[in-house]
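Since every read-out is calculated from the coordinates, none of them should be taken as a lab result. It should be emphasised that the depicted structure is a prediction, and the values quoted were computed from it without experimental measurement. We place every Cβ from the backbone using ideal geometry, glycine too, and count neighbours over all the protein chains shown.
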Amino acid sequence: MTYRNYLDMSRDQLIKNLEQKVTKERLKHMISVEETCIRLAHLNHYDAKKAGLAGLLHDYAKNLSDSEFIHLIDKYQLGEELKQWNNNIWHGLVGTYKIQEDLGITDKEILQAIRYHTTGSSQMTLLDKIVYVADYIEPSRDFPGVDKARKLADISLDKAVAYETAQTIRYLVKKRIPIHPQTLQTYNAYIHHLNKD
Ligand code: GDP
Ligand code: FE
Ligand code: FE
């Protein structure tokens, strides 16, 4: 299978490439997210090939070292403020720059979905929601509440986004981990979906 329009290589070639970039375990997760994105794309009448590619690539930068991230934040001029965060917040945004540079992917929708896959955003496209939710509910995930998130994802991506964001914030607060403003914006924009039928 090729990714006509998006990427000048076959899926097999892409997988070989990813094997050099991330750990075996991480690649397994990325392939599970790919499959879940394809399923959610079918359910929501979105281009399944495009959703699958975004899912497969979403954690492209996850296994970079902190010093590589700091170097890339300088290289791409992403701002000093970003440096106070960590891999969790860096890998989506920095990943989009690496994906453009290493693989030549320029599709704006794919890059945006990868950028926001950890925090969400206040105005998510259908592809943004598919990747954000698929990352949370792929079959090997085992968070508290993941089964409820899976059920909601079959009913409404907006409800699943709201629920997932609330669960993530609950977890971050419990662990006393700083919440990124973008995560709070997602919560504020989507939480009302859980309060209606
Ligand atoms: P993964 O890359 O497949 O493990 O999943 P994600 O990209 O969704 O999340 C990576 C990590 O970031 C997880 O441990 C989340 O709990 C964490 N995370 C999500 N939102 C925030 C946030 O607002 N602030 C911080 N500090 N971490 C977050
Ligand atoms: Fe991630
Ligand atoms: Fe992920």
Dipole of the chain, positive direction: furthest Cα of Met124, Leu152, Tyr136, with charges on the beta-carbon: Leu152
For region 1-84, what is the convex hull volume of its Cα atoms per residue in Å³? 132
Quick check: residue separation of Asp197 and Glu35 times 0.36 nm, minus the Cα distance between them. What number comes out in nm? 55.5 nm
Which net charge results for the neighbourhood of Gly120, defined as the other residues with beta-carbon distances under 13 angstrom from its beta-carbon, given Lys and Arg at +1 and Asp and Glu at -1? -2
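Can you sort Trp90, Trp85 so the residue with the fewest Cβ neighbours within 10 Å comes first? Before the final figure, lay out the partial values.
Details: Trp90 23, Trp85 14.
Fewest-to-most ranking of Trp90, Trp85: Trp85, Trp90.
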Using alpha-carbon pairs under 8 Å, 6+ residues apart, how would you state the relative contact order of region 34-75 in percent? 34
Net dipole in debye of region 56-197 [+1 Lys, Arg Cβ; -1 Asp, Glu Cβ; about Cα centre; nearest 20]: 560
Toy charge model, Lys and Arg Cβ at +1, Asp and Glu Cβ at -1: region 129-168 dipole around Cα centroid in debye, rounded to 20, equals 120
If you take the beta carbon distance between Ile155 and Ser10 as r and set R0 to 35 Å, what does 1/(1 + (r/R0)^6) give as a FRET efficiency, to the nearest 0.05? 0.50
Please report Rg over Rh for the chain, where both radii come from the alpha carbon positions and Rh follows the Kirkwood definition. 0.95
By count of other Cβ within 10 Å, fewest leading, how are Arg39, Arg11, Arg170 ordered? Arg170, Arg11, Arg39
Multiplying the sequence separation of Leu43 and Lys108 by 0.36 nm and subtracting their Cα-Cα distance, what value in nm do you get? 21.2 nm
